[in-house]
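Down below is the structure, laid out as structure tokens.
What follows is calculated from the coordinates using simple rules that are stated; it is not laboratory data. As the structure is a prediction and not an experimental result, all values here were calculated from the model. Methodologically, a virtual Cβ is constructed for each residue, glycine included, from the backbone with ideal geometry; neighbour enumeration extends over all protein chains shown.
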Amino acid sequence: MICDRPITKWYSGAEIEAIAAELPLVHRCIFLDTIFTGHRIDSALSLTLDTVSLKRHEVYPTRSKTGKTHISAIPTHLVNLMQTYLYEERRKILESTGSISLYFFLNSKGEPVKYSAYYIALKRAGERAAAKNPHLSIENLHTHAGRSTFAAVLRSFQLDQRRQGKVTFSDADFCALMDWKSLSSLENYDITTRAQEVSPLLKDFYAQYLPIADATSSRPILTNVTKEV
């Protein structure tokens, strides 16, 4: 049956909190990873123990649509949730199943979380969140909406910095973070015609991208960084 309800393409800060509150911990971590890194779901699910550094607040997917990957920063809020999942849930799963999987996100059987399971969890969380928060415009949730939110807020932050005459990351860096060939991909997001709400949590996090771009690292989050005003 085809759903005729409009698909939610972006999340506001309030919507993120409402949906996250209804998700099981493992799916909540995946959900917030897409919000704060722009990962496609397959990339988020590809995280492994050796590509997640909670100490450095960094994650590095092993798969991407184009085959290109980069290190992404994650905020303290998500680091704490992932740490709780790692030590309080994942460890118990390994003990009860005897699994030796290196994938970071596991289901109750000790197997890597599948897209279909996450999709179902997200849809159900959206329905519960909408029932409890009728003032929010949470409709038909789509797994790509986290990535769209990342693009909308990061682009809004970049353009706001330019309007204020401040140095910020370049369009090339923005495309690199989104894994795009060019800014023409923005046409699919309709960001320029939509006012994106930026909650304090999101705004503070995206403001970190310039310092991240300035930092030197053997595995830099952004390579060949150029700054624009």
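Can you order the peptides 158-167, 14-23, 53-62, 29-38 by their average number of other Cβ atoms within 10 Å per residue, highest first?
Output ranking for 158-167, 14-23, 53-62, 29-38: 29-38, 14-23, 53-62, 158-167.
Hey, what do the phi angles of segment 94-101 turn into as Karplus ³J(HN,Hα) couplings, whole Hz, using 6.51/-1.76/1.60 and θ = phi - 60°, x for Gly and Pro?
5, 5, 7, 9, x, 5, 10, 4
Search the structure for amide H atoms under 5 Å from the amide H of residue 140, placed 1.01 Å from N in the peptide plane, and list their residues when 5 or more places away or on another chain.
Hits under the 5 Å cutoff: 8.
How many nm separate the modelled label positions at residue 181 and residue 139, each set 7 Å beyond the Cα in the direction of the Cβ?
3.1
For residue 166, go through the lysines and keep the ones whose alpha-carbon is under 26 Å away, minus same-chain ones fewer than eight residues off.
Within the straight-line limit of under 26 Å, residue 166 reaches these lysines: 181, 203, 227.
Between Rg and the Kirkwood Rh of segment 40-99, both from Cα atoms, what is the Rg to Rh ratio?
Working: Rg = 12.6 Å, Rh = 12.5 Å.
Computed over Cα atoms, the ratio is 1.01.
Say each of residue 51 and residue 201 gets a label point 7 Å from the Cα, pointing the same way as Cα to Cβ; how far apart are those two points in nm?
Spacing of the two 7 Å Cα→Cβ label points: 2.5 nm.
Once you keep just the Cα pairs under 8 angstrom separated by 6 or more residues, what percentage relative contact order results for segment 89-151?
Averaging sequence separation for qualifying contacts and normalising by length gives 19 percent for segment 89-151.
Using R₀ = 30 Å, calculate the FRET efficiency as 1/(1 + (r/R₀)^6) where r is the Cβ-Cβ separation of residue 131 and residue 76; round to 0.05.
So, using R0 = 30 Å, E works out to roughly 0.50.
Give me the one-decimal nm value for the distance between modelled label points at residue 114 and residue 69, 7 Å along each residue's Cα-to-Cβ direction.
2.2
Arranged from highest to lowest average of other beta-carbon atoms within 10 Å per residue, in what order do the peptides 82-89, 100-107, 128-135 appear?
Details: 82-89: 15.6, 100-107: 17.8, 128-135: 14.1.
Result, highest mean Cβ count within 10 Å first: 100-107, 82-89, 128-135.
How big, on average over all directions, is the shadow cast by the Cα convex hull of segment 1-150, in nm²?
In nm², the orientation-averaged hull projection of segment 1-150 is 9.4.
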